[in-house]
Amino acid sequence: MVALVHSGAVLGIDGYPVEVEVNLSQGLPGMSIVGLPDAAVKESSDRVSAAIRNTQLALPVRKIIVNLAPADIRKEGSAFDLPIALGILSASGMIENDRLKKLVILGELSLDGRVKPIRGGLSITAMARENGMEGVLLPAQNAAEVSVIEGIPIYPIETLPQALEFLCGKLELQPATPVPQTENSNSNEYELDFTDVKGQHHVKRALEIAASGGHNILLIGPPGSGKSMLAKRIPTILPSMTQGEAITSTKIHSVLGQLKNGRGLLKQRPFRSPHHTISDAGLIGGGRVPMPGEVSMAHNGVLFLDELPEFKRNVLEVLRQPLEEGEVSISRAAGSITYPANLMLVAAMNPCPCGYRFDPKRECGCTPMMIKKYVGKISGPLLDRIDLHIEVPALEYKDLSSESGGERSKTISIRVEKARSVQLKRFHQSEENNFNANMNAHQLKSHCQLDEASKKIMSMAIDKLGLSARAHDRILKVARTIADLAECGSVQSEHVAETIQYRSLDRESWF
């Protein structure tokens, strides 16, 4: 007898349907799984057999063949344990096959029959709704994660016998209650706040501009000047995530198994800070089994690279594609996978190897050649993709001892939200671009027209600093953001002049 159970798997961050076909036939008792299973899927046979026996259910003494279709895509993970077990029980006549055809079933089985959480539940549930399935049966610990998908019932289960009773009509399960959208929205109640940072008012201004337009920024200053402290507070002034952004970001974390303790949608924008020893695959994703990297985990949030020159050159160079296109394409022999990576890059570095160049109180022992070699670890093409280069000087005692730390994050975030709303109207809430940093050539020409005074300032900057065409476009984008913050309809000369001041590494004095 043949039984069919609907399940699913993840390719990239999107789910796709998998049909679990179970056949019982005469022959030597045993179980074989076909359909390009990986090691974890092959081991399902032992887990499923033990779970069925240890829950006092009858394991058929037959030859069992399990096919995972489509058979030309490699199946990974342990989410097929429960559908395989239920398929075996259905093929032996314990479950009515028609009930199985209406549900997508997921779950890992422990040896005692408990159903354990899986990865990628959110993506597979979204796929099930799109395919018109009538419900999803999955581990109870994944219920909070997937209940935000509206329009499809979610049935949480904890054990194999419970799933069997539900499918046989002996147990009624109440669908998981959807989490209200107000609880899923980005929470601005952070423990960190910009008022904790003493002084550095010009740096806070630059960070406000970067947050308003989604611009990449590089902080340059000596040790202890507050670069990391400032960077960690950037999420506190970013706009709240929309429902769509929260679902996409949560999908990525779900695929990686980062949603612990029954967490639902991410409430705050991601902030990722990988160590400088990270590999290129760890940063952008990949590996033998392609998985999202740090840039994808920072999607819709902030990627902070501290001590930027300490990262390997090849690791930094792979950032070019995500910074330019907002996504990462990973190609392998079996195919190509694209992960979203629309992020705000925040980097920090010292001005020289010892860190005390330009410090009036400490002597720098670095030679010009050492400084050039140190700064030269960051390639020109990568620097062109960073919109703002900001000097963060060492603080004086009067700033450290000041009672006032300046504006609170909530006050700054109001201005950022207002500037972002202007950009949403400008780009008509386009899914591909909703802020200035992502403007294409046509939008740049349309929304960043310069008057004669601005053109003169730009011409002088290009002649003296030797800016590239990409740097020219970046200046226009930042100037447009400054104009939005000033509630100005057109880009003025003062906006261009302020933007040029935020290009420290373009000056000859650095080399």
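Okay, here's what the table says:
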{"item": "Filter pass, residue 240 being farther than 22 Å from residue 390 by Cα and part of a loop (DSSP other than H, G, I, E, B)", "result": "yes"}
{"item": "Test: residue in region 270-288 that is more than 13 Å from the chain's Cα centre (by Cα) and hydrophobic (A, V, I, L, M, F, W, C)", "result": "yes"}
{"item": "Residue selected from region 250-290 under the condition under 19 Å from residue 315 (Cα atoms) and either hydroxyl-bearing (Ser, Thr, Tyr) or assigned to a helix (DSSP H, G or I) (or both), by the criterion least open to solvent (accessible area, probe 1.4 Å)", "result": "283"}
{"item": "Residue check for residue 303: out of contact with any Phe, Trp or Tyr (no Cβ under 8 Å at 6 or more places or on another chain) and assigned to a strand (DSSP E or B)", "result": "yes"}
{"item": "Residue match in region 291-298 (condition: under 28 Å from residue 421 (Cα atoms), among the small types (Gly, Ala, Ser) and either part of a helix (DSSP H, G or I) or touching an Asp or Glu at 6+ places or on another chain (Cβ under 7 Å) (or both))", "result": "yes"}
{"item": "So residue 456, is it in a helix (DSSP H, G or I), open to solvent by 60 Å² or more (accessible area, probe 1.4 Å) and either hydroxyl-bearing (Ser, Thr, Tyr) or more than 20 Å from residue 380 (Cβ to Cβ) (or both)", "result": "yes"}
{"item": "Residues (open to solvent by 20 Å² or more (accessible area, probe 1.4 Å), of a type outside the set (Val, Ile, Thr) and in a helix (DSSP H, G or I)) located in region 459-482", "result": "459, 460, 463, 464, 465, 469, 470, 472, 473, 477"}
{"item": "Failed item in (1) touching a strand residue (DSSP E or B) at 6+ places or on another chain (Cβ under 9 Å); (2) over 30 Å from residue 244 (Cα atoms), with residue 474 passing the rest", "result": "(2)"}
{"item": "Where residue 402 falls short, out of the listed (1) in contact with a helix residue (DSSP H, G or I) (Cβ under 8 Å, 6 or more places away or on another chain); (2) modelled with pLDDT under 90; (3) closer than 23 Å to residue 205 by Cβ", "result": "(1)"}
{"item": "Residue in region 112-131 that is at pLDDT 90 or above, within 16 Å of residue 68 (Cβ to Cβ), assigned to a helix (DSSP H, G or I) and of a type in the set (A, V, I, L, M) present", "result": "yes"}
{"item": "Matching strands (runs of 3 or more DSSP E) fully within region 1-109 where at least 3 residues are without any contact (Cβ under 8 Å) to a residue 40 or more places away in the chain and surrounded by fewer than 16 Cβ atoms within 10 Å (Cβ to Cβ)", "result": "30-34"}
{"item": "Count of region 117-127 residues which are touching a Ser or Thr at 6+ places or on another chain (Cβ under 6 Å) and free of Cβ contacts under 8 Å to residues at least 60 places away in the same chain", "result": "0"}
{"item": "Search result, residues across region 435-453 that are surrounded by fewer than 18 Cβ atoms within 10 Å (Cβ to Cβ), assigned to a helix (DSSP H, G or I) and under 29 Å from the mean Cα position of the chain (by Cα)", "result": "441, 442, 443, 444"}
{"item": "Scope region 311-338; condition in contact (Cβ under 8 Å) with a residue 60 or more places away in the chain, under 18 Å from residue 386 (Cβ atoms) and open to solvent by 30 Å² or more (accessible area, probe 1.4 Å); matching residues", "result": "313, 317, 320, 324"}
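The values are calculated or read from the model by the stated rules, or taken from the named source; none is laboratory data. Computed from a prediction, not measured in an experiment: that's the story for all the values here. Heads up, the Cβs are rebuilt from the backbone with ideal geometry, glycines too, and the neighbour counts pull from every protein chain shown. In case anyone asks, the SASA skips ligands and DNA or RNA and just uses the protein heavy atoms, side chains included. Shrake-Rupley method; radii C 1.70, N 1.55, O 1.52, S 1.80 Å.
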